Amino acid sequence: ETKKKGKHGFSIYNDSMAHHHNKKIRFKNDIDKAIEEKQFQLYYQPQYNLNAEKVVAVEALIRWIHPKKGFISPTDFIDIAEQTGQIHPIGKWVLQEACEQLKIWQDRGLAWKVSVNISPKQLFKDDFIELVFNIISETNIDPKYLELEITENIYINGEYSIMKLRKLKELGVSLAIDDFGTGYSSLQYLKELPIDVIKIDKLFIDGILNNLNDLSIIKGIITMAKTLDLKIIAEGVEIEKQMEVLKYLGCDMIQGYIIEKPIPINELEERYLHNKKMT
Ligand code: C2E
Ligand code: MG
Ligand code: MG
Ligand code: MG
């Protein structure tokens, strides 16, 4: 692409944009390679039930360990992978891997749920329901222990998404709305969604102790969730006092550094399952 320089010597398509563009292409190739060479890993973050006072579930979170660049955060590549379509092979790998892990635990009699993040791009692909069905069948898991997390945003809207979510529910899986409160859902709309769990975004948890608005919003979400018979998970709980307030407000579960960071499978098993009777 050639863009003429303006009379003041700058162009619209400038060097920095070209640089950015090239960087994106290199990144795309890197992701292709990562898929081929299996540079991805799943880490797991415990979800803690405040009444039972124990870990009852884990969220699978993707990690990219690049041979040269080292650790790359999902917030730095999921967006690009969504734009390039690479989210489809990545997402398929994540679901497959998480279900294989779930199967191992189920065979050992452990009743932990495994939660998997699904990008709206995946949800809206024509064969997504079939993909989930196939992975459930092939791994032979009990689907009621598989939870799919879908972010609350403008893409999740209207009849088409409700229909897709209903079909997922028919497969027997559990559905969660991720990052709740940051998107555009109206209460009316939430009522129509066939969901089981709401995850309150960290943004509100951060303010729970010193921002009355955040506290009121959390109270409101919990009250509404109970009315609609939904479970609540608070995300990004970092300190004891936040946990106490959430318990007092009737929040069901928490997830955050106060319990554990996302960790690799061997650490998770060592810390939570080693020498423990599995029930
Ligand atoms: P998310 O699904 O909302 O996941 C929660 C994020 O918050 C994770 O970041 C987790 O490490 C972080 N977190 C949990 N507790 C705390 C806490 O107490 N303090 C702080 N500061 N952070 C906490 P992570 O792993 O970097 O993932 C970021 C986002 O990337 C995820 O947000 C999710 O939207 C996306 N993502 C991760 N794995 C996948 C995946 O396999 N597929 C898709 N489509 N998206 C994924
Ligand atoms: Mg999530
Ligand atoms: Mg979240
Ligand atoms: Mg998020």
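The values are calculated or read from the model by the stated rules, or taken from the named source; none is laboratory data. Quick caveat: nothing in here was measured; it's all calculated off a predicted structure. Cβ atoms come from the backbone with ideal geometry, glycine included; neighbour counts cover every protein chain shown. These accessible areas exclude ligands, DNA and RNA; they are computed on the full protein's heavy atoms, side chains included. Shrake-Rupley method; radii C 1.70, N 1.55, O 1.52, S 1.80 Å.
Evaluation of residue 107 against the conditions (1) without any contact (Cβ under 8 Å) to a residue 40 or more places away in the chain; (2) more than 19 Å from the chain's Cα centre (by Cα); (3) farther than 24 Å from residue 47 by Cβ shows that the sole unmet condition is (3).
The condition of being over 18 Å from the mean Cα position of the chain (by Cα), at pLDDT 95 or above and open to solvent by 80 Å² or more (accessible area, probe 1.4 Å) holds for residue 130. Within segment 133-168, being open to solvent by 60 Å² or more (accessible area, probe 1.4 Å) and either among the basic types (Lys, Arg) or modelled with pLDDT under 95 (or both) holds for 144, 154, 155, 157, 159, 160, 163, 166, 167. Among the conditions (1) of a type in the set (Asp, Glu); (2) farther than 27 Å from residue 91 by Cα; (3) without any contact (Cβ under 8 Å) to a residue 24 or more places away in the chain, the only one that residue 170 does not satisfy is (2).
Residues of segment 87-96 being surrounded by fewer than 19 Cβ atoms within 10 Å (Cβ to Cβ) and within 11 Å of ligand 1 (Cβ to nearest atom), which ones? Scanning segment 87-96 gives 88, 92, 93.
Got a number for residues in segment 143-160 being within 14 Å of residue 98 (Cβ to Cβ) and either within 16 Å of ligand 1 (Cβ to nearest atom) or not in a helix (DSSP H, G or I) (or both)?
Result for segment 143-160: 4.
For segment 134-173, how many residues meet the condition of being within 16 Å of ligand 3 (Cβ to nearest atom) and at positive phi? Within segment 134-173, residues that are within 16 Å of ligand 3 (Cβ to nearest atom) and at positive phi number 0.
Does segment 108-119 contain any residue that is away from ligand 1 (no atom under 12 Å from the Cβ), open to solvent by less than 40 Å² (accessible area, probe 1.4 Å), aromatic (Phe, Trp, Tyr) and farther than 27 Å from residue 37 by Cα? Yes, some residue in segment 108-119 is away from ligand 1 (no atom under 12 Å from the Cβ), open to solvent by less than 40 Å² (accessible area, probe 1.4 Å), aromatic (Phe, Trp, Tyr) and farther than 27 Å from residue 37 by Cα. Summed over segment 169-181, the residues that are within 16 Å of ligand 2 (Cβ to nearest atom), touching a helix residue (DSSP H, G or I) at 6+ places or on another chain (Cβ under 7 Å) and open to solvent by 30 Å² or more (accessible area, probe 1.4 Å) give a count of 1.
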